[in-house]
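Here's the structure, in structure tokens; my notes come after.
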Amino acid sequence: NPRIPTIVITGGNDDEKEDALKNGATVFFSKPYDYLELTYVVKNILALYEANENLENAENIIVALSRAIDAKDSYTEGHSQRVADYSVKIYNRLGLSDEKELKALYTGCILHDIGKLAIPDDILKSKTHPLPEDQFNIIKSHPSRGYEICKDLINLKDALPVIRNHHEALNGTGYPDKLHGEEIPLIV
């Protein structure tokens, strides 16, 4: 399991070291090893493991909040998941196959409306259509607000362009940055 740190200690040769590292070992020590060095390596690996777990927990909380936005009213329920599913199908249909891009696309789509957490419910659930311009401008702030919510989470950095730019339009009439054509990032 690549998420579980693994330390290999052996009296073997360089081929064993290469095999161990190639097969997922986090670190390799040859005998005889320095006990103090091993102690510090274990301590540092555990600290990194804990930090990564904390980042994943934060990401899971944000995903749960995003789903809460979708569940706020029946009109948007399941919206983010549908957007993610359709986006992945389009990505694959285009013949694209970069796993990092695909993960960024999927994550960005799941979180694309996270900024709606900062929009007052009376505006978000308004039955007035079209909304008055001042209220629509508040709604239009949700991509940049979503970006601000997620920007400091390292695990979400590749998804940020999707979150920020999901309402941009090729002709430059979108929001929040009024990007034109090629200025709009495909994914990352």
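The values are calculated or read from the model by the stated rules, or taken from the named source; none is laboratory data. All of these numbers come straight from a predicted model, not from anything done at the bench. Counting neighbours? That spans all protein chains shown, and the Cβs are built from the backbone with ideal geometry, glycine included. Protein only, heavy atoms only, side chains kept; ligands, DNA and RNA dropped before computing areas. Shrake-Rupley method; radii C 1.70, N 1.55, O 1.52, S 1.80 Å.
Listing for the model above:
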item: Condition met for Tyr33 (open to solvent by 30 Å² or more (accessible area, probe 1.4 Å), without any contact (Cβ under 8 Å) to a residue 12 or more places away in the chain and either under 30 Å from Lys125 (Cβ atoms) or among the aromatic types (Phe, Trp, Tyr) (or both)); result: no
item: Search result, residues across region 93-113 that are under 13 Å from Ile187 (Cβ atoms), in contact with a helix residue (DSSP H, G or I) (Cβ under 8 Å, 6 or more places away or on another chain) and either assigned to a helix (DSSP H, G or I) or among the small types (Gly, Ala, Ser) (or both); result: Lys100, Glu101, Leu102, Lys103, Ala104, Leu105, Tyr106, Thr107, Gly108, Cys109
item: When residues of region 136-174 are limited to those that are more than 11 Å from the chain's Cα centre (by Cα) and β-branched (Val, Ile, Thr), the one farthest from Asn60 (Cα to Cα); result: Thr173
item: Condition check for Thr10: among the β-branched types (Val, Ile, Thr), within 30 Å of Asp152 (Cα to Cα) and modelled with pLDDT under 90; result: no
item: Inter-residue pairs, beta-carbon under 6 Å, first polar (S, T, N, Q) and in region 81-94, second assigned to a helix (DSSP H, G or I) and surrounded by 14 or more Cβ atoms within 10 Å (Cβ to Cβ), 6+ apart; result: Ser87/Leu105; Ser87/Cys109
item: Residue that is aliphatic (A, V, I, L, M) and part of a helix (DSSP H, G or I), where the choices are Ile9, Ile69, Ile4; result: Ile69
item: Whichever residue in region 62-89 is farther than 17 Å from Ala159 by Cβ and hydroxyl-bearing (Ser, Thr, Tyr) and, among such residues, is surrounded by the most Cβ atoms within 10 Å (Cβ to Cβ); result: Thr76
item: Residues of region 161-188 that turn out to be in a helix (DSSP H, G or I), touching a Leu at 6+ places or on another chain (Cβ under 9 Å) and crowded, with 16+ Cβ neighbours inside 10 Å, as a count; result: 4
item: Within region 1-29, considering residues that are small (Gly, Ala, Ser) and under 19 Å from Asn44 (Cα atoms), the one nearest to the chain's Cα centre (by Cα); result: Gly24
item: In region 148-160, the residues that are part of a loop (DSSP other than H, G, I, E, B), open to solvent by 50 Å² or more (accessible area, probe 1.4 Å) and either under 22 Å from Leu102 (Cβ atoms) or touching a residue at least 24 places away in the same chain (Cβ under 8 Å) (or both); result: Lys151
item: Meets criteria (farther than 18 Å from Ile69 by Cα and among the small types (Gly, Ala, Ser)) for Gly108; result: no
item: Residue check, Ala25 over 30 Å from Pro120 (Cα atoms) and assigned to a loop (DSSP other than H, G, I, E, B); result: yes
item: Verdict on Leu96 being among the aliphatic types (A, V, I, L, M), more than 22 Å from Tyr147 (Cα to Cα), at pLDDT 90 or above and surrounded by fewer than 11 Cβ atoms within 10 Å (Cβ to Cβ); result: no
